[in-house]
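Each reported figure results from applying straightforward, stated rules to the coordinates on display, with no laboratory input. Since we're looking at a predicted model, the values are computed, not measured. Neighbour counts run over all protein chains shown; Cβ positions are idealised from the backbone, glycine included.
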Amino acid sequence: MYRAPPMPAARNALCRLDRQGPVAGASANDGQVIRAWLTASGLAQLVDVVVVREDVHGFKPDPEVCPLAASADR
């Protein structure tokens, strides 16, 4: 499986966002894949909530993922 490295500014952006409140990530990908990538890239500790395809009923462009991520507890 190909795992893309994080964009160079991703860590800095996530650190800035984390200081402002909970950080949520949303993906239409498999949760196990996303969580493994976040861990391998060293970004997992900067993301408080991860909403993935298993968490919603619809797929892109279904907007259900956005309020679900926003309402999740830190």
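Label-point separation (nm) for residue 20 and residue 44, each offset 7 Å from Cα along Cα-to-Cβ?
It works out to 2.6 nm between the two label points.
Using 0.36 nm times the number of residues separating residue 62 and residue 4, minus their current alpha carbon distance, what extension gain do you get?
Between residue 62 and residue 4, full extension yields an extra 18.4 nm.
From the backbone phi of the stretch 19-25, what are the Karplus-calculated ³J(HN,Hα) couplings (6.51 cos²θ - 1.76 cosθ + 1.60, θ = phi - 60°) in whole Hz, Gly and Pro given as x?
Listing the rounded values in order: 5, 8, x, x, 10, 10, x Hz.
Here are a few candidate values for Rg and Dmax of the Cα atoms in Å: (1) 12.4, 34; (2) 16.5, 67; (3) 11.1, 29. Which one was actually calculated from the structure I just gave you?
Correct label is (1).
Each residue of the stretch 49-55 in turn: what ³J(HN,Hα) in whole Hz from Karplus with 6.51, -1.76, 1.60 and θ = phi - 60°, glycine and Pro shown as x?
For the stretch 49-55, the Karplus curve yields 10, 10, 10, 10, 4, 6, 8 Hz.
What does a probe at residue 54 reach in the stretch 1-31, counting residues whose amide N is under 18 Å from the point 7 Å along Cα→Cβ?
Only 25-31 fall inside the zone, counting backbone N under 18 Å.
Taking amide H positions as placed 1.01 Å from N in the peptide plane, with prolines and chain starts having none, which residues 5 or more places from residue 50, or on another chain, fall under 5 Å of its amide H?
Amide H to amide H, under 5 Å and 5 or more residues apart or across chains, residue 50 pairs with 25.
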